[in-house]
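For reference, the structure discussed in these notes is given below.
The values are calculated or read from the model by the stated rules, or taken from the named source; none is laboratory data. All values derive from a computational prediction rather than experimental measurement. A quick note on method: Cβ atoms are made from the backbone with ideal geometry, for glycine too, and the neighbour counts reach across all protein chains shown.
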Amino acid sequence: MVRTCYHILLSIRPQQWTKNLLIFAPLLFAKKLFVYTETLHTVYAFAIFCLMSGSVYLLNDLIDLENDKRHPLKCRRPLASGALSPRAALTACAVLLCACALAAFSLLNTAFLVTAGAYLALQLLYSTVLKHVVIIDVFCIAAGFMLRVIAGAEAIGVNFSTWLLFCTLLLALFLALSKRRHELELLEDDAVHHRKILYEYSSGLLDHMIAIVTPCTLIAYMLYTIADDTVAKFGTDGLKYTVPFVLYGIFRYLYLIHQRNAGGSPEKVLLNDIPILLTVVCYGLACALIIYL
């Protein structure tokens, strides 16, 4: 039993939970960071999304079981290696989803519950159908990040910023395209056998897409920092001084993609690459100081 629980914990991928930190963005930018109730609700939302995304990973591993067995890295996952039975994984998935629904209903509001349901529906559609549709697959990944931001806003009852959504969408597309490129480089000739959609992509095509999304992301964020409504909301145009952190973070990520053959797992880059980690921490602290002081 203990061994099964351990393999379930590995399968829900706690290292991926860093993606759910986006839920805290509305709390920070709505100037509610030091308000106890709103902060507690955001923590609840973060925990719910962690468990819900974990259940989706379990389901996705069940769907991709045969492909994962042939993957040089994913074959080590508990389901693909045979350490975790499909029945145990399915049971854990159902329990986690029920717990998430109950927690969202009892601890937060209906708007958050609807947003969480939309996120779950998107992930299920992606796992079964949409990940096989070229370009739509990367937009689905980006939409998942946007729904996290919306969920964070709904959890504390504030309006989500259009600028924040645009910046999240563009940055998420950048990460999703980088992930596809890494898969192509890692799997090489075996890429199509693992994920059929990779047949529709090439490194050149993905490089062109990344080259379009990257400046769009930077320009969108720069415009956000000096927009009239942003300056009026925070009473300062000081957010423009955080632009160098965003520039460096994106350039560092591009360096890792092209020179280190990394970028397939943004959460691993965040946790393992010290310059990226320091950049994110410094950016968060700078935003907090500018907005609150």
Qualifying residues in region 199-211 (those that are surrounded by fewer than 18 Cβ atoms within 10 Å (Cβ to Cβ) and in a helix (DSSP H, G or I)) - the one modelled with the lowest pLDDT: 199
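List the helices (runs of 4 or more DSSP H) that sit entirely inside region 1-106 and contain at least 1 residues that are modelled with pLDDT of 90 or more and not assigned by TED's automatic domain parsing to the domain that holds residue 169. Can you show your working first?
On the way: elements: 2-11, 25-29, 36-63, 65-69, 78-81.
So the answer is 25-29, 36-63.
Is it the case that residue 214 is more than 21 Å from the chain's Cα centre (by Cα), farther than 25 Å from residue 15 by Cβ, β-branched (Val, Ile, Thr) and surrounded by 14 or more Cβ atoms within 10 Å (Cβ to Cβ)?
no
Please work out which residue is nearest to residue 285 (Cα to Cα), limiting yourself to region 244-264 and to residues that are without any contact (Cβ under 8 Å) to a residue 24 or more places away in the chain and not hydroxyl-bearing (Ser, Thr, Tyr). Write out each step before concluding.
At the first step, the residues of region 244-264 found to be without any contact (Cβ under 8 Å) to a residue 24 or more places away in the chain are 244, 251, 255-256, 258-260.
When the remaining residues are screened for being not hydroxyl-bearing (Ser, Thr, Tyr), the result is 244, 251, 256, 258-260.
On the way: 244: 14, 251: 20, 256: 24, 258: 29, 259: 29, 260: 28 Å.
Among residues in region 244-264 that are without any contact (Cβ under 8 Å) to a residue 24 or more places away in the chain and not hydroxyl-bearing (Ser, Thr, Tyr), the one nearest to residue 285 (Cα to Cα) is 244.
Test residue 25 against the criterion of being crowded, with 16+ Cβ neighbours inside 10 Å and without any contact (Cβ under 8 Å) to a residue 24 or more places away in the chain, and give yes or no. Show your work before the answer.
Numbers: crowded, with 16+ Cβ neighbours inside 10 Å: yes; without any contact (Cβ under 8 Å) to a residue 24 or more places away in the chain: no.
Here the answer is no, as residue 25 does not meet what is asked.
Here's the yes/no breakdown for (1) over 22 Å from residue 183 (Cβ atoms); (2) touching an Asp or Glu at 6+ places or on another chain (Cβ under 8 Å):
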{"site": "24", "(1), (2)": "yes, no"}
{"site": "32", "(1), (2)": "yes, yes"}
{"site": "50", "(1), (2)": "yes, no"}
{"site": "53", "(1), (2)": "no, no"}
{"site": "69", "(1), (2)": "no, no"}
{"site": "75", "(1), (2)": "no, yes"}
{"site": "81", "(1), (2)": "no, no"}
{"site": "91", "(1), (2)": "yes, no"}
{"site": "95", "(1), (2)": "yes, no"}
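From the set of residues in region 246-293 that are among the β-branched types (Val, Ile, Thr) and closer than 16 Å to residue 177 by Cα, which is surrounded by the fewest Cβ atoms within 10 Å (Cβ to Cβ)? Spell out the reasoning first.
In the first step, residues of region 246-293 are kept if they are among the β-branched types (Val, Ile, Thr); the result is 246, 250, 257, 269, 274, 276, 279-281, 290-291.
Restricting the remaining residues to those that are closer than 16 Å to residue 177 by Cα gives 250, 257, 269.
Values: 250: 19, 257: 22, 269: 21.
Looking at the filtered set, the residue picked out is 250.
Kindly provide the set of residues from region 115-139 that are under 25 Å from residue 99 (Cβ atoms) and in contact (Cβ under 8 Å) with a residue 12 or more places away in the chain, ordered by number.
Looking only at region 115-139, we keep the residues that are under 25 Å from residue 99 (Cβ atoms), and these are 115-128.
Once the filter is applied, which keeps residues that are under 25 Å from residue 99 (Cβ atoms) and in contact (Cβ under 8 Å) with a residue 12 or more places away in the chain, region 115-139 yields 115, 116, 118, 119, 120, 122, 123, 124, 125, 126, 127, 128.
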Pull up region 153-186, narrow it to residues that are part of a helix (DSSP H, G or I) and polar (S, T, N, Q), then point me to the one that is surrounded by the fewest Cβ atoms within 10 Å (Cβ to Cβ). 162
Among the numbered criteria (1) in contact (Cβ under 8 Å) with a residue 12 or more places away in the chain; (2) closer than 17 Å to residue 7 by Cβ, which single criterion is violated by residue 67? (2)
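Of everything in region 76-96, what is closer than 21 Å to residue 121 by Cβ and either charged (D, E, K, R) or buried (at least 18 other Cβ atoms within 10 Å of the Cβ) (or both)? Give them in sequence order.
89, 92, 93, 96 - these are the residues of region 76-96 that are closer than 21 Å to residue 121 by Cβ and either charged (D, E, K, R) or buried (at least 18 other Cβ atoms within 10 Å of the Cβ) (or both).
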Every residue from region 114-128 that is touching an Asp or Glu at 6+ places or on another chain (Cβ under 9 Å) and either in a loop (DSSP other than H, G, I, E, B) or surrounded by fewer than 18 Cβ atoms within 10 Å (Cβ to Cβ) (or both): 114
